[in-house]
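Remarks on the structure that follows.
The values are calculated or read from the model by the stated rules, or taken from the named source; none is laboratory data. Keep in mind the model is a prediction, meaning the values are calculated, not measured. Every residue, glycine as well, gets a Cβ built from its backbone with ideal geometry; the counts of neighbours run over all protein chains shown. Just the protein is used for accessible areas: all its heavy atoms, side chains included, with ligands, DNA and RNA removed. Shrake-Rupley method; radii C 1.70, N 1.55, O 1.52, S 1.80 Å.
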Amino acid sequence: MKSTNHTDQINAPIRERFFHDAHLWLMLFAFFIAVALPFRWHTIALWACAFCAVGFFQGITWRFALKSLAVAFALSISIWLLNVFFHTEDITAEQAQLKANQTALKIWSLTWVALLSAKMINVRDVITYALQRRWLSTQIAYAMLVGIGAITLLRAESRRIMLNAKLRGIKGLQKFSQWIPLLIFSLRHAQRGAMSLRARGLTKDKVFYYNYQATHGQIGRSIALWLVLMLMAWTSER
């Protein structure tokens, strides 16, 4: 069975989602680029609200959406302060505040969508989708999957180290030495990952048990979403 034949494969969970994760990843990538382009702030904010609505179809909750919105505001307030209090002398205070508000709203929208994307997209499935389409080589794709998996392991190991330090009564500057066992764990995990990739004997003709390709419904919904986003931009920029 070749990697391009999907008739005998089991549908992966990515095919059961309302939007395909790879399509959403491409849209989000375009959105992040659009923030740097000369679009008006209300267009960026409107797109951010649209992606939040898309996130509900992808399974995020109202609680996570509101929490991420508050966190995005906290992370963006420093940008507003810098633009308000540190600006060039050739503009008035009113102009500086207006520019600061518009810039902060753009950054706020950008940060909010970035936080929402953590629940909207499964990066592992996107990488596997690209590997199945032969857009990525097996060496690069598996190395990326090992790196993404290491994030969860490092987080769990960090919690264990902090709990151990708390039980031992380690305080103050002594906590700074906790990065040493975490660094050792990272090196060992990197070595195990490299040995695992080497032992797999990666080849170009990879056999997949699951089908990660987009369904016809996901393709249609993604095209409709592209049209909606472009219509929103056309209406807002008029």
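Before moving on, here are some points about what is shown:
- The residue list Trp135, Trp108 contains one member that is surrounded by fewer than 17 Cβ atoms within 10 Å (Cβ to Cβ), under 25 Å from the mean Cα position of the chain (by Cα) and aromatic (Phe, Trp, Tyr), which is Trp135.
- Counting only helices (runs of 4 or more DSSP H) wholly contained in the stretch 1-108, the ones carrying 1 or more residues that are at pLDDT 90 or above and hydroxyl-bearing (Ser, Thr, Tyr) occupy 41-58, 62-85.
- Thr92, sole failed condition from (1) under 29 Å from Gly193 (Cβ atoms); (2) open to solvent by 60 Å² or more (accessible area, probe 1.4 Å): (1)
Quick grid of which residues meet (1) touching a residue at least 12 places away in the same chain (Cβ under 8 Å); (2) small (Gly, Ala, Ser):
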{"site": "Ala45", "(1), (2)": "yes, yes"}
{"site": "Ile60", "(1), (2)": "yes, no"}
{"site": "Ala72", "(1), (2)": "yes, yes"}
{"site": "Phe86", "(1), (2)": "no, no"}
{"site": "Gln97", "(1), (2)": "yes, no"}
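- Looking at Ala130, Ala141, Ala114, just one residue is under 26 Å from Ser68 (Cβ atoms) and assigned to a helix (DSSP H, G or I), and that residue is Ala114.
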